[in-house]
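In what follows, a single structure is set out as structure tokens and then discussed.
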Amino acid sequence: MGIGDILIRRGQVSQQLLAELEALHRQSGQRLDRLLIAQGKCSEEQVLSALSEHLGLPMVNLADFQLERAVLDVLPARVVFRRTLMPLQQTDGTLRVATCDPFDLYALDEVRLMTGLEIEPVLACREEIEKLIKAHYGVGGETIDALMDSSDLNAAATDVQSDDLLEQAEGASVIKLVNEFFLEALKERASDIHIEPYERQLKIRYRIDGVLQETAVPPQIQRFQSAIISRIKIMANMNIAEKRLPQDGRIKLQVGPRQVDIRVSVIPMLHGEGVVMRLLDKSSTMFTLKQLGMRSDTLDLFHQIITRPHGILLVTGPTGAGKTTTLYAALHEIVSAAIKVITVEDPVEYHLDGVNQIQAQSQIGLTFGRALRHILRHDPDVIMIGEIRDLETAEAAVQASLTGHLVLSTLHTNDACSSATRLLDMGVEPFLVTSTLEAAMAQRLVRTICPECREAYHPDRNSLPRDFALEEGRMLYRGQGCRKCRNTGYYGRTGLYELMSISDAVRDRIMSRSPADQIVSVAQKEGLRLLRQDGWLKVSEGITTPEEVIRATKA
């Protein structure tokens, strides 16, 4: 009985579909099992399960194996990566090896000849094997293995001449290694890559869903530290010979259909140069307002504000809180053929049809404030400013609002009520703030519970903060941790929002230069829901966890 018959018996394919695929198999010569997966007719797991029955090979769950270093060292990394094989156990002269292709007999024979052991193949999905390989051999393990075999082992020497370093950085293996870091970061949905040199190791960490996570790399990678950093500098048009001063640059990558803009910062540290790269995927799908996680009452009020003819709306929060994403979701909501929208940003993070976008360039004098003065001559209806950083920009935003424009911008404050006091601190007069500021919204991003490993549990009331009102017997949710979420229990993020509309009572407080806590008190009496309160509602709904709300907000 072939795998097609097994899949028909299991009800996973029809007789007609199998006949069509077998005809295609005879015509193209491509294997039937691969056709089933490539055509999307069956999942890889279903096909491997049928092959397991057909060939009599066990199908295993790789999470059940505790891998020992001695077993991993049996095979060099280049063989493991090239053949997608994973050594699992060694007993009595037999090596159990996980494969996703039991028909690749050349690979199994190569391992047999290399190790002198009998090979016992077991089946597992390719994605699971690749994740295990990267976890234990490290990202770029195959490339590092190839570099170790070459004679160019002076890449990490401190006295390498710049010409030699340029040659090292342009080597095919180093280029491949750096590309592997970028591809892995994009695959894992990372927003930043951190390359950190220490005395005895080179660490690489990815920021995923707002939290840094260390990625496994081969320990030998430190020997190629200088070549890796020089390669990044070349891509970012930096001076590779300058190692004493900080440098900034940008890289543009094309990864299939995706355009990725990478902001690069290099800073000299005690044991070499540290690199941080911010990844901006320009082809990523833009969020709509309904996808941001606002509650219905907040969403309704926010929509009212962004459709007003003039005034200022400020979105506040720390770096990485999703402020620009919120503003672009707002623009996406209101842009039309009847409205002219102009933005000035540094950098331009999203491309939106129907919006005129300006890239600020402070090195040539094109600051936010200067750009704003010229923007007003282009007859806009809506203006978006990337960030209000100084009095010049703040005054230009106020002037634009007073002359009948809706101005959207961001500000670095911890809560919504502090936005007015920050403008006053910059030097804007109170009467101008009260005349133009329509609303301020603070936001934070919290990780959402992974849907694959989500479970309910009874929380211990004593372990929860006092401001979290938990009903007796109420269940909460958390993630157990699985391969999809890298065993963190979280996958993706959602927003917490604190939207303050500027009422007459709040305007009175601003005019009298009252401190932020007094403005908060007045706004709460008028129905303001604080960030933390919004967080507890999302915990109660099973969207996130108490730990995330505690991490992102203050009591």
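The values are calculated or read from the model by the stated rules, or taken from the named source; none is laboratory data. Because the structure is predicted, anything quoted here is derived from the model rather than measured. So basically every Cβ, Gly included, is an ideal-geometry build from the backbone, and we count neighbours across all protein chains shown. Just so you know, the surface numbers come from the protein's heavy atoms only, side chains and all, with ligands and any DNA or RNA stripped out. Shrake-Rupley method; radii C 1.70, N 1.55, O 1.52, S 1.80 Å.
Of all the numbered requirements in (1) closer than 24 Å to residue 250 by Cα; (2) not in a strand (DSSP E or B), residue 356 misses one, and that requirement is (2). For the stretch 218-259, the candidate set comprises residues that are farther than 22 Å from residue 172 by Cα and in a strand (DSSP E or B); within that set, the residue that is least open to solvent (accessible area, probe 1.4 Å) is 249. Summed over the stretch 211-233, the residues that are within 23 Å of residue 249 (Cα to Cα) and within 25 Å of the chain's Cα centre (by Cα) give a count of 8. Summed over the stretch 267-314, the residues that are within 30 Å of residue 182 (Cβ to Cβ) and either modelled with pLDDT under 90 or touching a Ser or Thr at 6+ places or on another chain (Cβ under 8 Å) (or both) give a count of 17.
Within the stretch 463-487, residues that are more than 30 Å from residue 188 (Cα to Cα) sit with their Cβ atoms under 8 Å from residues that are assigned to a loop (DSSP other than H, G, I, E, B) and open to solvent by 70 Å² or more (accessible area, probe 1.4 Å), at 6+ positions apart or across chains, in these pairs: 465/555; 467/555; 473/458; 475/458. Condition check: at pLDDT 95 or above and either open to solvent by 30 Å² or more (accessible area, probe 1.4 Å) or more than 30 Å from residue 399 (Cα to Cα) (or both). Does residue 448 satisfy that? Yes: the conditions hold for residue 448.
A Cβ distance below 6 Å, combined with a sequence gap of six or more or placement on separate chains, defines the contacts here; from the stretch 84-107, residues that are within 10 Å of residue 121 (Cβ to Cβ) reach residues that are assigned to a strand (DSSP E or B) and open to solvent by 40 Å² or more (accessible area, probe 1.4 Å) in the pairs 96/89; 96/120. Can you find a residue that is open to solvent by 60 Å² or more (accessible area, probe 1.4 Å), without any contact (Cβ under 8 Å) to a residue 40 or more places away in the chain and at negative phi anywhere in the stretch 287-295? Yes; the residues of the stretch 287-295 include at least one that is open to solvent by 60 Å² or more (accessible area, probe 1.4 Å), without any contact (Cβ under 8 Å) to a residue 40 or more places away in the chain and at negative phi. Annotation: residue 420 fulfils all but one of (1) under 13 Å from residue 346 (Cα atoms); (2) modelled with pLDDT of 90 or more; (3) outside any loop (DSSP other than H, G, I, E, B); the unmet one is (1). Against the conditions (1) in a helix (DSSP H, G or I); (2) surrounded by 14 or more Cβ atoms within 10 Å (Cβ to Cβ), residue 16 satisfies every one except (2).
Among (1) buried (at least 17 other Cβ atoms within 10 Å of the Cβ); (2) more than 19 Å from residue 309 (Cα to Cα); (3) more than 29 Å from the chain's Cα centre (by Cα), where does residue 366 come up short? All conditions pass for residue 366, except number (1).
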